[in-house]
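Structure first, then comments.
Only the coordinates and a few stated rules stand behind these numbers; no lab work does. For clarity, every value in this text was computed on a predicted model and none was experimentally measured. Neighbour counts run over all protein chains shown; Cβ positions are idealised from the backbone, glycine included.
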Amino acid sequence: MSGISSEEHINVTTSKESLRLQLDRSAALRANVKRYYIYVVLLLIVLVFSVVKLETLSFSELFARGNFLSPDSIINMLRSAVPILILSGAFTLLMISGYIDLSVGSAMSLNAVVFAWLILNGYGFLTAFIVVLLQGCVMGFLNGYLVMKLRITPVIATLVTLSLFKGTALLIVPDGLSAIKSSAEQKMPDWINNFARKEVILGLPWAFWVAVLVIVVLSIVQNKTILGKYAAAIGGNRLAAELSGINAVRVVWLLYIIVGFFAALAGMARASYMSLGDPLSGDTMELSCIIAVLLGGTAFSGGEGSTLKTMIGALIIVCVTTGLMTVIPAYWQTMAMGSVLLTAVVLNHLLVREKTG
């Protein structure tokens, strides 16, 4: 047998080098798409809803009062985005660890109802604030106990607490009323309402800037602290994480408590914005959080994600919800949101790395 000639050897080496370059380009393209697609999706959604009801494509008409891109409309959307911004950031950390909490919407509702009840019954803001935060932590503790100690599947455990929290919120509201509301004798202080509605910086209230601060803090927790690194390690491979000395039970339990804590903040923000405690105000919030997290690129099975990109995903949800209200009838909106969820799942499947074993 004759050996490989130098010319054949050069051709094989060239082919391997060409293949390697193609693979590198493909990987780089995939990485760039994964990094920036969420911003493109947001831009496209904003553009679609901005022009869909315009008679003429006039630049000045895009920002006219009453249109989707008008300053008033943008400010109102960002005001209403506060609860989902607060909740979805903590939800991201939990999903990065490979776990989920379907009770966040009901927990937010119960916290809103309790906060409104305490304020309207004269207990004072500080008392109401501390009680609701403790209550949120207890809710998270309960979810963590069911999942991590009793080892109940997260979906089943948090569906149970979803019903428990929602039922408790409905029980607190007096018979004949749909929510805990202000009355002539009992009125929520104006400054609490102003916290979520009054323009202070760039036309936005303090509540919005608190939500932005929450996202920044949670992003630092995810990227710069041991808790964030442990959460990613557990989501990537729990067995390997435990063998390396990470106490997965404690870490995930703590993440559930953190989600409960921020569900309390979100509930108080919603009660302040609406000036009442509505036991149904958190309905579908868990669905919105899941969509936002998946759009943000967090792997449903855990291991990777970004709280900052989740914030963009949350803004997409708010834009879609607001835009649909002006375009299609209410009874079509649920189906439209289901389509958004389907899109988020497909994008997540295509762009987030799949883990095996």
Fraction of the pair-distance distribution of the range 126-175 above 15 Å, Cα-Cα pairs, percent:
55 percent
So what's the Cα pair-distance distribution over the range 124-263, bin width 5 Å, in %?
2, 8, 11, 16, 16, 15, 12, 9, 6, 3, 1, 0, 0
Percent of Cα-Cα pairs per 10 Å bin, from 0 to the last occupied bin, for the range 225-276, please list those.
24, 36, 19, 15, 5
Karplus 3J(HN,Hα) series, Hz, for the range 285-297 with 6.51 cos²θ - 1.76 cosθ + 1.60 (x for Gly, Pro):
5, 5, 5, 4, 5, 4, 4, 4, 5, 5, 4, x, x
When K198, K224 are ranked with the fewest other C-beta atoms within 10 Å first, the list becomes K224, K198
Net charge over other residues, Cβ less than 14 angstrom from the Cβ of N193 (K, R count +1; D, E count -1):
+4
Looking at the range 146-227, I'd like the Rg to Rh ratio, where Rg is from alpha-carbon atoms and Rh is Kirkwood's inverse mean 1/r.
1.13
Give the separation of the Cα centroids, the range 232-272 to the range 129-143, in Å.
14 Å
Hull-based mean projected area of the range 227-333, where the convex hull spans the alpha carbons, in square nanometres:
8.2 nm²
Kirkwood-based shape ratio for the range 193-232, expressed as Rg/Rh from alpha carbons:
1.24
